[in-house]
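Structure first, then comments.
The values are calculated or read from the model by the stated rules, or taken from the named source; none is laboratory data. Predicted model only: the values in this text are computed from it and were never measured. All Cβ positions, even for glycine, are placed from backbone atoms using ideal geometry, and neighbour counts span all protein chains on display. Accessible surface areas use protein heavy atoms only, side chains included; no ligands, DNA or RNA. Shrake-Rupley method; radii C 1.70, N 1.55, O 1.52, S 1.80 Å.
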Amino acid sequence: MLYRTEVAEWGGFLVFRFYADGHLAYLMPVGEGDWCAILQALKEDACRLSHPLLLLGVCEDLMPQVERCMGEDCRVNVNRDHADYVYLRESLATLSGKKLQPKRNHVNRFKALYPDYRYEELAEQWVPACLDLTRRWVEARQDEAEKRAVAAESEAIQRALAHRDELDLRGGVLLVGRQVVAFTYGAPICRDTFDVCVEKADVEFEGAYTVINKEFVSRLPAQYKYVNREEDLGMEGLRKAKLSYQPEMLLVKYSVWSSCTVKAEIEEGRLTPEQHLIKWQTRALWSLCFGDTEEFMKLYFTRKYTPERNSCLVRDGRVVAALQRLPYRMMFGGEVVPVAYVSGVCTQPECRGKGLMTELMGQAHRKMYADGCLFSLLIPADEGLFAFYHRFGYYTCPGVALPKREESCDADKVVCEVYTAMHEIEPVLGDLQFDLDVFLRRAPYAVLHDETDLYTVCADLFLGNGCVVVARCDGHCVGLVWAVPREGKLWVLECFSVSAVVENILYKQVREAFGFAGNVAMIRQENRGQLRVIHVYEVLKLYARQHADTAGRIRVVGDEDITENNGVYVWGDGQCRKEGYGAFCCSESGGVCRSIHIRELPEMLLEDACPYLGLMMN
């Protein structure tokens, strides 16, 4: 169901419940009756579904009822991005006046370029061409989250055109020859206002948007004094275009959040009302950008998310960008150090390209520094993001595997335990964490998992119908595998074993667990990660201690987020000291300083090795 919209009648009001940007939401009820009763009913309904109440489309004249009934139990935000642009019909139809001269120029230019153009009423014969134009509009989008958003609008257009008579839609098409180069449609809102719901044009035909707008509006009945062309959604280009038509008014709308819908988290002191609001907005943004299942999000935002770990940017009361800094421990040359794993990096589609992520990453890095983290790690979702994070000081790690260690093991004595549900694995989770730790510590640089994190890893695996297999020989763990079936293949998320013989036994057991034949493809998932040094001085002190027989002098440069990291560092005899802060400072002890950019420092520290990132929540 598109937007999962549901409609109900309650106490004389018409109520709409749906999902907006991944969040459960309600339109301001339409009707007359007891406002306090209907708002309380909506709060209880949202609570039943474990969501805070979000009311959208609240006009200014209805705010007194909201404030009277909800009092301090709400947060009110002005939504400039959702303000409706209302124009005089006569103004759009004639484009008269000095301020609309550029629009008249567009129309004249179009007529000169395409003298054979014509306008026709939207009829059945033009629907396929309109849908084809919509399809091309969707395909032109590059960003995946934006594609999902416009795909939803495309589906709405298909439905509207299929039921245009029932919806009392009126529309038109602009043709050049036999080609539909633009179309539009809308419906009356009230006696004197007409709403233009959709307007699409082929941008290859210069001026098509201006012409379809003028031609359509000029044919509307004179009873409609106003034309509502809806909101700009915060999109800079769309805002500029809508303002250029000189609106008669901006119809401001508000969003209202309930601050205590899910009472348990607040009353138990786990979250303040403001933290609760941020959590659910961040959750909705995650859903919009990644499209994960409700089950996964419930798991993640229950077990991994905390206000302290969340970094976000809020604009006009709305979370527009967010990420989580998940705490982990990592092996570093035989010692265990605190690190942060960056998860859930997301931005509202219409807010991208405005420098928000630069601001957010800087904020997150400074918080990691304050928290005592030595490194930040992440796994980019696709190849194109490696260069993106490179800008923020991240070093791209080469592919890494755990060191191979062949141990003798009698295959006839190997016994496998198969787990496919949390109630099965939870009693042995402590043992499983210990066994996993033993394997991971074989690597000089590996991210470790505690029991709490391993619970979440397994729960996520079982949501995808995966399994965990443990191989034991004479009571000792000799192999572990996490696997999940996908599209007729078996994906091995992680596999540890003491020998190739044990690995083959594990794979055979996985195939049998899922009922696959012996020749099914077993695909080993590989995670290429990136690493950034967060606390240069503490890392170099560790490095000096672990390389006591070496000495060196470097100048670290280029850290715009944590400027304390820039400066000259000298080490020898197992000790390290910092001699200066400025990028151009000279070493007090003399000698040549080799300049190293913050993103290149891991290459020196890890000596061509790399952290092993397995079973991460990415």
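Against the conditions (1) closer than 26 Å to Tyr341 by Cα; (2) in contact with a Leu (Cβ under 9 Å, 6 or more places away or on another chain); (3) free of Cβ contacts under 8 Å to residues at least 40 places away in the same chain, Leu493 satisfies every one except (3). Name every residue in segment 434-462 that is among the polar types (S, T, N, Q) and over 16 Å from Leu493 (Cα atoms), in order of residue number. Result: Thr452, single match.
Comparison of Val533, Val438 shows that the only residue that is under 21 Å from Met331 (Cα atoms) and in contact with a Leu (Cβ under 6 Å, 6 or more places away or on another chain) is Val533.
Just checking, which of Gln40, Gln125 is surrounded by fewer than 19 Cβ atoms within 10 Å (Cβ to Cβ) and more than 35 Å from the chain's Cα centre (by Cα)? When all the criteria are applied, what remains is Gln125.
Looking only at residues in segment 3-19 that are crowded, with 17+ Cβ neighbours inside 10 Å and of a type outside the set (Ser, Thr, Tyr), the one that is farthest from Ala151 (Cα to Cα) is Phe13.
The single condition among (1) out of contact with any strand residue (DSSP E or B) (no Cβ under 7 Å at 6 or more places or on another chain); (2) open to solvent by less than 20 Å² (accessible area, probe 1.4 Å) that Ala208 does not meet is (1). Within segment 209-243, can you find the residues that are modelled with pLDDT under 95, in contact with a helix residue (DSSP H, G or I) (Cβ under 7 Å, 6 or more places away or on another chain) and not charged (D, E, K, R)? Leu233, Gly234, Met235, listed by residue number.
Where helices (runs of 4 or more DSSP H) sit wholly within segment 418-505, those with at least 2 residues that are buried (at least 21 other Cβ atoms within 10 Å of the Cβ) occupy 429-440, 451-463.
Being over 30 Å from Glu236 (Cα atoms) and either hydroxyl-bearing (Ser, Thr, Tyr) or surrounded by fewer than 19 Cβ atoms within 10 Å (Cβ to Cβ) (or both): is that true of Leu49 here? Criteria met by Leu49. When the test is whether a residue is farther than 21 Å from Gly237 by Cα and crowded, with 19+ Cβ neighbours inside 10 Å, Ala321 does not pass it. Where strands (runs of 3 or more DSSP E) fall entirely within segment 246-365, those with at least 2 residues that are touching a helix residue (DSSP H, G or I) at 6+ places or on another chain (Cβ under 7 Å) and under 28 Å from Arg528 (Cβ atoms) are at 310-315, 318-332, 335-347. Determine, yes or no, whether Ala411 is buried (at least 19 other Cβ atoms within 10 Å of the Cβ) and modelled with pLDDT under 95. Answer is no for this residue.
All told, Leu24 meets the bar of being in contact with a helix residue (DSSP H, G or I) (Cβ under 9 Å, 6 or more places away or on another chain) and not in a helix (DSSP H, G or I).
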